[in-house]
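To start, the structure under review is shown below, and the notes come after it.
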Amino acid sequence: MNDKILLVSSLVDPAGSLIHEEIRRILYENPVLQEQYQHRQFDERLIYIEPSSLTTDADLIIFLSRHASKEPRSVLTVHVTGNFGNAVFGGNPGTLTPAATDMMHAILNRLAKEVPEGYEVTYEATHHGPTSLSIPSCFVEMGSTEREWKDRNAATAIARAVIEAEPEGVISLVGFGGTHYAQRQTEITLTTRGGFGHIMPTRDLVYLNQAMFDEMVSSSGAEAIYIDRKSVTRDDIERIEEYASKRDILIVGQSDLQNMIYISLSDYRHIKRLTEESLAGSGITIHGKIQGSDLTPITIPSDLLFEATKTDPEEFTAGIKSLPIIHLSGKGIAFYPTFITNQENALRITNELIHLCVSILHRNCICRFDGDCLIITKEKFDPGKAASLGIPPGPLFGRLMAGEVVLHEGREITPSMVKRMTEKKICIPGWGT
């Protein structure tokens, strides 16, 4: 990363000063990196400094600070500044700061690798000053008691995370819901490309209107929004959805972000539209390195898919994992027979899916082709045969179904004596032998 970074700390803050000291030490040992950083230290608390005093030609600002809390815990935190409501701790009321969203994602992930034993790593929701800054910024903090503020190991972890952070391919988000320590948003950032700028906790939703929503999106450079639905009322969810619709910004869940490993958000929006056209209300799972353009639905025989996934769902799931396809699910159905892939792969992927299903059935059943039809022969337990041999319904039925030989009234009854053969015909055009 070649951005110029201004590092800011306060001389009255032991934690921020210690972090800054560790960064200077690391930079001293790496002269090549030194030109990337500017340094400022103030005599007052950072939350109260005036934006005008931070005039700089840097591309972003990182504030190095202590973290304090009424409920002490050992934490390393990242957040952007702003006040959704009143300005209790610096800054201006109802004002947000441009968020260094990409950098926060990168720092949080580096912190997760560097974190000393006994500490947790987390986002905090947007809070305190300074506000109205002209360039993106974030706070990186350690706390939340004097013991942690003087912990050089924790300061070194933050210093290394700040210097080694490399933003790359981040999907910029704003978050709604949850507590001050944004647990769900942190989990998303540590497991996906989703990175958060401004996060509005549940308690601050009283300040949310269309103007504040739009400001959160703009100040975060957000491409989509995330709602922690378990922590938000139905009315608030509907209100956020309305604001998102007017802004024409996508709402994503954690599973959506997990799907976007190899594809852009714009491609994902296209995929969502196409899947909705193919099967309204379905969920999607993206496999392999599928591209977001030139997509087309493909279909395999539904009865073939049903038999294969019923016979060995784990093998089928493993078999499609590396294929460049999207599988649809929902309403209690794990796999619909409609899949989506790139147009150029359509015929090949259709054949590979059919071959996977047929292979699963061949390994687990007696199968043969009759023209274009696959004939599946299975042995099934026949309650009528068991009854004709005097076997009463109950535990003996279960043992016979499990393949055990049972003794009834001095006579051995084998599983083969109570089975019948069934056949199922599945037509697969062009697949006869």
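The values are calculated or read from the model by the stated rules, or taken from the named source; none is laboratory data. Not measured: the values here are computed from a predicted model. Positions of Cβ are backbone-derived with ideal geometry, glycine not excepted, and every protein chain shown enters the neighbour counts. SASA here: full protein model, heavy atoms, side chains in, ligands and nucleic acids out. Shrake-Rupley method; radii C 1.70, N 1.55, O 1.52, S 1.80 Å.
Numbers at a glance
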quantity	calculated
Whole-percent carbon and sulfur share, accessible surface of the chain, 1.4 Å	49 percent
Principal-axis tilt of helix 210-220 within the chain, Cα atoms, nearest 10 degrees	80 degrees
Backbone HN-Hα couplings from phi across region 324-341 [Karplus 6.51/-1.76/1.60, Hz, Gly and Pro as x]	x, 9, 10, 10, 9, 8, x, 6, x, 9, 6, 9, 8, x, 9, 10, 10, 8
3J(HN,Hα) from dihedral phi, region 12-22, Karplus parametrisation 6.51/-1.76/1.60, rounded to Hz, x for glycine, proline	8, 10, x, 5, x, 5, 5, 4, 4, 4, 5
Shape call, region 303-433: gyration tensor on alpha carbons, a/c limit 1.5	prolate
Low-density loop cleavage sites - GluC sites (Glu not before Pro) in region 1-38, where at most 10 other Cβ are within 10 Å (DSSP)	Glu29, Glu35
For the chain, size of Cβ-based charge dipole, Lys and Arg +1, Asp and Glu -1, in debye	1400 debye
Probe 1.4 Å, protein heavy atoms only - accessible area per residue of the chain in square angstrom	47 Å²
Filter on Lys272/Lys321; Lys331/Lys378; Lys310/Lys425 - keep pairs with C-alpha separation over 23 Å	Lys331/Lys378
Karplus 3J(HN,Hα) series, Hz, for region 260-272 with 6.51 cos²θ - 1.76 cosθ + 1.60 (x for Gly, Pro)	8, 6, 10, 10, 7, 5, 5, 5, 5, 4, 4, 4, 4
Student exercise, region 261-332 dipole from Lys, Arg, Asp, Glu Cβ charges, in Debye to nearest 20	300 debye
Three-way shape label, region 49-118, alpha-carbon gyration tensor, a/c 1.5	oblate
Highest to lowest packing among 238-251, 334-347, scored as the average C-beta count within 10 Å	334-347, 238-251
For the chain: rounded, prolate or oblate by the Cα gyration tensor [a/c cutoff 1.5]	prolate
